[in-house]
1. Among what's in the range 607-621 and is open to solvent by 30 Å² or more (accessible area, probe 1.4 Å) and of a type in the set (A, V, I, L, M), pick the residue that is farthest from the ligand (Cβ to nearest atom).
2. Considering only the range 656-676, I want to know if a residue exists there that is farther than 24 Å from GLY554 by Cβ, open to solvent by less than 40 Å² (accessible area, probe 1.4 Å), within 34 Å of the chain's Cα centre (by Cα) and within 15 Å of the ligand (Cβ to nearest atom).
3. For the range 694-711, give me each residue that is at pLDDT below 90 and among the hydrophobic types (A, V, I, L, M, F, W, C).
4. Since ILE638 meets every condition but one in (1) β-branched (Val, Ile, Thr); (2) surrounded by 18 or more Cβ atoms within 10 Å (Cβ to Cβ); (3) within 14 Å of the ligand (Cβ to nearest atom), which condition does it not meet?
5. Among the candidates LEU718, LEU693, single out the residue that is within 16 Å of the ligand (Cβ to nearest atom) and either of a type in the set (S, T, N, Q) or closer than 30 Å to ALA231 by Cβ (or both).
6. Would the range 324-346 turn up any residue that is surrounded by 18 or more Cβ atoms within 10 Å (Cβ to Cβ), of a type outside the set (S, T, N, Q), in a helix (DSSP H, G or I) and at pLDDT below 90?
7. What residue, among those in the range 78-126 that are in a loop (DSSP other than H, G, I, E, B) and either in contact with a Ser or Thr (Cβ under 6 Å, 6 or more places away or on another chain) or under 21 Å from MET366 (Cβ atoms) (or both), is least open to solvent (accessible area, probe 1.4 Å)?
8. Within the range 556-565, can one find any residue that is away from the ligand (no atom under 13 Å from the Cβ), among the aliphatic types (A, V, I, L, M) and buried (at least 24 other Cβ atoms within 10 Å of the Cβ)?
Amino acid sequence: MSAIEEFDRSLAPAEREFQARVAAFAAARTTQIASASRAQIWMGDLLRDACRQGLGGIEVPVALGGLGLGFGARIRAAMALAKADFSLAFAFINHHSAALRIALSGSGAAREAWLAGLLGGDLIGCTAMSEGGAGSDFAAIRTTARKVDGGWVLDGEKRWVANVRGCEIALVFAQTDRLAGTAGIACFIVDLRQAGCTRLPEDPVHGLAPAGIGGFALHEYRVRDSDMLYAPGQGFRMAMAGVNKARTHVAAMACGLLSTALHEAVAYASSRMAFGRPVLEQQGLRWNLVDVSLTLENMELLTLRATRLADDEGTAAVVAAAMAKKFAGEQCLAGVAACIQSMGAVGMGEPRGLVSKLVAAKALCMADGTTEMMNERIGASLGARQLQAGVAVSHGRPPVASAGGFRAVRLGKDAKGATTAEVATLDNGELPPGNVVVRIAYSTLNYKDALAITGQSPVVRKFPMVPGIDFAGTVEHSADARYQVGDRVLLNGWGVGETHWGGLAQRACVRADWLVPLPASMSERSAMCIGTAGYTAMLSVMALEARGIAPEAGVILVTGANGGVGSIAIALLSRLGYAVTASTGRLEEAPRLKALGATCVMDRRVLGEPGKPLQKEAWAGAIDCVGSHTLANVLAGIRYGGAVAACGLAQGMELAGSVAPFILRGVALEGVDSVHASFARRTIAWARLARELPGEVVEANTREISLAQALVVAPELLRGQVRGRVVVDVNR
Ligand code: NDP
């Protein structure tokens, strides 16, 4: 049984039936496909026809008018269509992807406006990522999106986009904030028929013209808010999230293409006689075609493996897709050339169409990532794959072991079960599993770290442990497509320093999903001066903003004002134009709090005891780092329609208040969790910190210590003797 037959058995009956319908569709239109291919014109009519036959919306949920099939069905459709024509398959899948993205991520209004048209074939879509100076280097896109009232204004040029010759809808990726880097990339639904959009003059790509490859320019093009598909912070991630699947179906199309070329060659070689017998019986020629058939089988195996892994998030899926695409692209090119060779001059003739297949095979070495990029993806994983299989390949040590060990705070347990803490040199081979190794520059000492180091609370759940809930540094090894060696990254939360070795060390091995690219304008030290506390402060500010609490609404109260979160929250709020009241137990620090931006300072004792369920409406909103009675009193003093962002528990975990503020004043209580916040929220928060928090504020609030000093400062921090942030230079 061939790899494909075996795969088809794993498909659901509806998926097998769909695949048969796709093959029948292509078979019934052989002449039309061949003539569009010969004339090198866009196959838009065939796309609309396919949609009208109910073949669009493969993976779009049934509830939204689609077929609700799996990715395997898409892959088999790509193979079947590419057997008929590579460009047709390319254009069809591109259209389908646009419809699927809108179905899965579009606003209600966007789905309403576009989805039925896309599924029914009245509208054809495309996804516009590439630009003149940004192909594989997608993060370098220069198309901009500027926020205006009720929407966005787009400017820029997109090139090498399938279907652009005649399609109506484009999903356009654009940069909303250059300083934010990838976190600024968003995606918008653009109607290419509207004013402000011009299709660029023909710049045909040989062999792919029937896929409608082209470009367009946007000038002061206005998009409604409801047509923002991915917000800043999500755009890059969503584009990259679709990349493994895109690469896998390019590989699938290569399989379809080569299978037709091989079929042609074998059919010809079986009937063409030379020296009294069919040329297929000439050993030299036959063995060439045997090699092609074996290569094809391997291409299919790799493609189907990548298909099975496509919904996984991790490295395995990235590597499988890159391997499938690299192998399929290179081997398809060589395989079609071998098929032409076996047919002699006839193979070069126009009617056979093999030369255009050769050109298409070359094009697919570039589509959705060049072969060189695939090499990089696979190459990046080499080190980490050894890391994972360290025992077998490097005697229990990951490859970084050759660089020796690294210094770290190591926590253990003594004979009586008490926590021990020391600075030790650890072996690289002891690093925990992960797919990215980071050379750490700075970490911080947080309350949780202090609890872990002193053993005062069961923060650490397994020993030995390296504490440190955050760090910033540079990638040393990466098996994940999103990070390259040399990238600057930071990490907060995810149980690092509690269940997974953390940042109070010179090196860490973690999951790529936990990392955030360091904003370009931020140093590793600044990032850690801000640390988890500053990042939590920004998440808290964002929580109030999301509740519509604007500076004009009134005063914002910040409790635990002298702490890490409180201090930075005051600085952020005041720079955003809010009036801030700071609640503190250290009134002697009032001048510092005022310098940070507090307009008023109050004694925390006012809020620290049980109080009335409803009190004077004093504050429009609050950021509460303290919990317990303080939070109950804060809620009781919030104005009608106000909100409290609750992020801390310095006074206590309990909350003994009443529901009166909620049901009588419509007050909202927003929980803030920094540990498992989504990648999008993290990147937005860090991009905003890079922009909105002046360096001098961060520095003024910070003290730097060495790794060894962390052991001394931890108990001081728990005794409340530490003010502001404590940054740890792990390399001294
Ligand atoms: P810090 O220890 O730096 O500051 C806490 C502040 O709370 C102190 O400086 C003090 O401020 C105040 N405080 C301390 N004890 C009491 C008490 N008994 N009653 C009232 N106020 C008190 O901590 P951070 O600023 O780093 O963190 C603040 C809180 O937020 C902590 O509870 C922490 O665990 C939590 N946190 C939560 C995160 C999340 O994801 N939700 C992330 C990070 C932190 P002052 O001297 O001004 O009175």
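1. In this case the residue turns out to be LEU614.
2. Yes, because at least one residue in the range 656-676 is farther than 24 Å from GLY554 by Cβ, open to solvent by less than 40 Å² (accessible area, probe 1.4 Å), within 34 Å of the chain's Cα centre (by Cα) and within 15 Å of the ligand (Cβ to nearest atom).
3. Of everything in the range 694-711, those that are at pLDDT below 90 and among the hydrophobic types (A, V, I, L, M, F, W, C) turn out to be VAL697, VAL698, ALA700.
4. If we test ILE638 against (1) β-branched (Val, Ile, Thr); (2) surrounded by 18 or more Cβ atoms within 10 Å (Cβ to Cβ); (3) within 14 Å of the ligand (Cβ to nearest atom), just (3) comes out false.
5. Working: LEU718 fails: either of a type in the set (S, T, N, Q) or closer than 30 Å to ALA231 by Cβ (or both).
Answer to the selection: LEU693.
6. No: the range 324-346 contains no residue that is surrounded by 18 or more Cβ atoms within 10 Å (Cβ to Cβ), of a type outside the set (S, T, N, Q), in a helix (DSSP H, G or I) and at pLDDT below 90.
7. ASP85
8. The initial filter retains those residues of the range 556-565 that are away from the ligand (no atom under 13 Å from the Cβ), namely 556.
Okay, now just the ones that are also among the aliphatic types (A, V, I, L, M), so 556.
Narrowing further to those that are buried (at least 24 other Cβ atoms within 10 Å of the Cβ): 556.
Yes, the range 556-565 contains at least one residue that is away from the ligand (no atom under 13 Å from the Cβ), among the aliphatic types (A, V, I, L, M) and buried (at least 24 other Cβ atoms within 10 Å of the Cβ).
The values are calculated or read from the model by the stated rules, or taken from the named source; none is laboratory data. This structure is a prediction, so every number in the text was calculated from the model and none was measured. Virtual Cβ from ideal backbone geometry, glycine too; neighbours counted across all protein chains shown. What goes into the accessible areas is simple: the full protein's heavy atoms, side chains included, and nothing from ligands, DNA or RNA. Shrake-Rupley method; radii C 1.70, N 1.55, O 1.52, S 1.80 Å.
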